[in-house]
Amino acid sequence: MSQIHVRGVPGDVAPFVLLPGDPNRARHIAQTYLEGVREYTSHRQLLGFTGTYQGVPVSVQTTGMGCPSAAIVAEELARLGARTLIRVGTLGGATPSVAPGDLVIATAAVPNDGTTRQLLGGAPYAPAASFEVNEAAVQAARAQGAPHHVGLIMTEDAFYASTPEHARLWAGRGVLGFEMEASAIFLVAAQRGLRAACLTACSNDIGDPQLVPDDVLAAGVDRMVRVALEAIVTLAARESQG
């Protein structure tokens, strides 16, 4: 049975799914890195593709911007057979120590958003990534020599509400950067028994309103996607070994 928003049926979606927010990035990832790609949905521009990477079936599914859309997509992917969700997107750095293009691998997300609050009925909660997925991602980042940081991020709703003062305050509490989807993806994955992770490339420092140059960000996105895909290969190999 097709889902309401992700217009796929069981069998369309691979167990491993990359989740970019941007449909153009989803198409780019599918066409650049995967083999035997086919598009299984374009409804609402939530583009979805399935192919293989080094023989491992992988899907790339657009989430759209923000937690409401990401939570819908994560829920429907769970119903379509996804087992591991890896967000691949961008984040604003909370501190200059996270350089433009650097990879940030989130251990957990401070849920400064309305979607997780509604899903939890306001209960306190710490949306966290799956350790084994993060472990594989860190190993891949080290093997590729990709500049990376591992730690806490914050998920927010209002893109233009962040200020340098807000960023530095939360940097002092261990937050590496800000993005808009991870907390909902982590929560829905936990509720549905899935694994989840969030890999992001730093697109700017919150104190600087300009994004980094296109070539710097493109290189960071390329490293991020390659790390995510190599992590998937590692996880798939572990599963095949029982």
Taking Cα atoms only, helix 214-240 is inclined relative to the longest principal axis of the chain by an angle, in degrees rounded to 10, of 50 degrees
Just the number please: accessible area per residue for region 26-93, 1.4 Å probe, all protein chains included, in Å².
37 Å²
Can you give the angle from 0 to 90° between the axis of helix 23-33 and the longest principal axis of the chain, with both taken from C-alpha atoms, to the nearest 10?
60 degrees
Looking only at Cα atoms, what is the convex hull volume of region 1-89 per residue, in Å³?
78 Å³
Given Cα positions, please report Rg to Rh for region 191-242, the hydrodynamic radius being the Kirkwood one.
1.16
When ligands, DNA and RNA are left out and all protein chains stay put, how many square angstrom of accessible area per residue does region 117-196 have with a 1.4 Å probe?
50 Å²
How high is the relative contact order of the chain, in percent, with contacts defined as C-alpha pairs under 8 Å that are six or more residues apart?
25 percent
Using all alpha carbons of the chain, what is the percent of pairwise distances in each 10 Å bin, ordered from the shortest bin to the longest?
8, 35, 39, 16, 2
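Given all pairs of different Cα atoms, what value in angstroms does the Kirkwood hydrodynamic radius of region 79-142 take? Mind dumping the intermediate values first?
Working: mean 1/r = 0.0702 Å⁻¹.
About 14.2 Å, per the Kirkwood formula over Cα pairs.
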Expressed in nm to one decimal, what extension gain is obtained for the pair E135 and H166 from 0.36 nm per residue of sequence separation less their Cα-Cα distance?
8.2 nm
Any idea how far apart Q31 and Q210 come out in nm if each label point goes 7 Å out from Cα toward Cβ?
2.9 nm
For the chain, what % of the accessible area comes from carbon and sulfur atoms, probe 1.4 Å?
54 percent
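How big is the antiparallel share of DSSP beta bridges in the chain, given as a percent to the nearest 5? Could you put the intermediate results ahead of the total?
Working: 16 of 45 bridges.
Just about 35 percent of them are antiparallel.
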For the chain, take the longest principal axis of its alpha carbons; what is the angle in degrees between that and the long axis of helix 67-79, to the nearest 10 within 0 to 90?
30 degrees
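Please compute the length gained on full extension between Q118 and V9, using 0.36 nm multiplied by the number of residues separating them and subtracting their Cα-Cα distance. Before the final figure, lay out each step's value.
Numbers: separation 109, 0.36 × 109 = 39.24 nm, distance 2.78 nm.
Roughly 36.5 nm would be gained on extension.
The values are calculated or read from the model by the stated rules, or taken from the named source; none is laboratory data. As the structure is a prediction and not an experimental result, all values here were calculated from the model. Here Cβ is always computed from backbone atoms with ideal geometry, including for glycine, and neighbour counts include all displayed protein chains. In case anyone asks, the SASA skips ligands and DNA or RNA and just uses the protein heavy atoms, side chains included. Shrake-Rupley method; radii C 1.70, N 1.55, O 1.52, S 1.80 Å.
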